[in-house]
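Take a look at the structure set out below.
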Amino acid sequence: MIGETWGGQGYEHREICIMRSGIIPRLFKIPPAVAAIYGQHLHRDGTITTCEKLSVNSLRTWYESARKLWPSGAIVIQSTTSHVWPYPAFLYKKGAWSYIDLLFFLPDIPITFMGEIDGHGFRCKTLRHFQTTLEKAEKKSSIQSRENLLTAVFEAEDNYFEIGKMKIGSCIAERNRPEEFWPAQEHLCKELGPEYGFDLKKIYLHYEHRRSLRSKLPVLRMGKLVPLLAEHSEGLHSHVLAFARVWEREMAIIATNFNEFNVFFSINMKNLKYVFEEIDPEKIEHTVVKIHDFLGNAFDEHYTVYEFLYGKIDTSLKVILRISLIIFSLMLLWFGEQL
């Protein structure tokens, strides 16, 4: 049995009670956390207001602290969106590709919304409305004018549909016909820049590829999560999220770029030290780490454990290239007696 589980003030740990009762919770906590990275405050009723952009550390800290409280072996479903929120393509724009990677490579089971994998950014005949009212906006100190309101969705009974970046006055006054749905969708597709690889009409290929990787590699389904840090010459990357998935003698190293530009960085592997400490100390000296890139075209590389943990393995993440290369690489460990 699956139960939709919403939190809120006074119900922050409701999912824990659901897990212990035997029901599999379907959570809706990742979309607002990711939206904050892009400077958007996604409210429970679907309204969107601007806020200060948060770093990936906020997402990492929240997720780690939440998982520590969950019962061992708990099965959790994470939603990409809900019936009261906009689609990822509409909410994150070019970041939708990064968002897909995050959901499919975290330990929890991802669940998508109808039409999402086809690149839909709008929907008609919705049973809810996401319209941000002027009264609510005036209560937000971060809102400076009517033009700062990011999105609006109209009521279902009259076949209203979502339109982005419109003034509140026109949102309230204008009634939109269902036949305007597809022009709005086409406008969103062109706005993202399909000529640069951000093609919503082909985003289903990205969903299929990430789902295929998760199905093919057991480490992406059963591996425990170990947080890592993405660093550059002057410190930590504020919008590059890195983590590892560890299962038996396999390891997946994943980095996701939430910037709208290419980045260069190295991943600090020191948090993985305890993984190697679990091996017989006599075997560590003879252990070789073999790195295989499942997403890029890099050749297989080999490192000693010391080089892997304390050396500097530089890499880069492009915003997108054909099928998005947002993931750095997946690594497999092969030990001395297996070589």
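FYI, it's all coordinate maths here, none of it is from the lab. Here the structure is a predicted model, which means the values were calculated and not measured. Using ideal geometry, Cβ is built from the backbone for each residue, glycine included, and neighbour counts are taken over all protein chains shown.
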In the range 230-276, what residues are surrounded by fewer than 22 Cβ atoms within 10 Å (Cβ to Cβ), within 21 Å of Leu103 (Cβ to Cβ) and among the hydroxyl-bearing types (Ser, Thr, Tyr)? Ser238
Per the filter on the range 190-205, residues more than 21 Å from Leu241 (Cβ to Cβ) and crowded, with 18+ Cβ neighbours inside 10 Å are Leu192, Leu200
Would you check which residues across the range 206-227 are assigned to a helix (DSSP H, G or I), of a type in the set (D, E, K, R) and exposed (fewer than 13 other Cβ atoms within 10 Å of the Cβ) and list them? Glu208, Lys216
Pair list, Cβ under 6 Å, 6 or more apart: the range 188-207 residue over 18 Å from Phe261 (Cα atoms), other residue polar (S, T, N, Q): His206/Ser324
If I ask for residues that are charged (D, E, K, R) and over 13 Å from the mean Cα position of the chain (by Cα), which ones from the range 54-106 would you list? Glu64, Arg67, Lys68
